[in-house]
1. Of all residues in region 84-139, which are in contact (Cβ under 8 Å) with a residue 24 or more places away in the chain and among the basic types (K, R)?
2. Before we move on, is A85 modelled with pLDDT of 85 or more, in a loop (DSSP other than H, G, I, E, B) and touching a strand residue (DSSP E or B) at 6+ places or on another chain (Cβ under 8 Å)?
3. Take the residues in region 11-66 that are in contact with a Ser or Thr (Cβ under 8 Å, 6 or more places away or on another chain) and modelled with pLDDT of 75 or more; name whichever of them is surrounded by the fewest Cβ atoms within 10 Å (Cβ to Cβ).
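The values are calculated or read from the model by the stated rules, or taken from the named source; none is laboratory data. In this text, all values refer to a predicted model and were calculated from it rather than measured experimentally. Please note: Cβ atoms are built from the backbone with ideal geometry, for glycine as well, and neighbour counts cover all protein chains shown.
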Amino acid sequence: MGEINVVPYIDVMLVLLIIFMITAPLLTQGIKVELPKAAAEPIDARAANNMEPLVLSVDARGRLYLNVGATPQLPLDDATALVRATAALRRAPQRVVLVKGDAAVNYGRVVAAMVMLQQAGASKVGFLTEPLPPPATPQP
């Protein structure tokens with residue numbers, strides 16, 4: 001017999017398709033985030049609507065800083081940061097919203113900051129990252 005019987009392969013493929021269709025909705029999380037990639041491109045000026053993005057910074061001690069207001073260099077408590085972010089997003093709802101979290105900060109604190117930005121009205125929240133260092137070239 002010179003032909004390959006593909007019927008069993010089709011059966012396996014359909015079973016896998018059903019499994020993926022059932023499990024895919026279960027994998028989504030409550031926080032909608034566009035995670036940064038290792039080789040991410042810079043934000044396009046057209047995508048930023050020619051406005052400065054709203055940046056919520058979380059330092060290594062978990063303190064919050066928002067780049068709007070009269071004193072962006074002073075730490076804010078959660079309630080004040082929420083009020084300022086809400087006001088900034090009401091003035092410009094399409095403003096780009098970013099979280100700048102320190103590498104040493106607890107992951108839960110960054111997630112709490114993201115949830116706070118969503119409560120303030122942000123539909124999408126992104127992460128600020130440092131660019132990758134250039135690859136080392138071998139010495140001859």
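1. Of everything in region 84-139, those that are in contact (Cβ under 8 Å) with a residue 24 or more places away in the chain and among the basic types (K, R) turn out to be R90, R95, K100, R109, K124.
2. no
3. Among those that are in contact with a Ser or Thr (Cβ under 8 Å, 6 or more places away or on another chain) and modelled with pLDDT of 75 or more, it is Y65.
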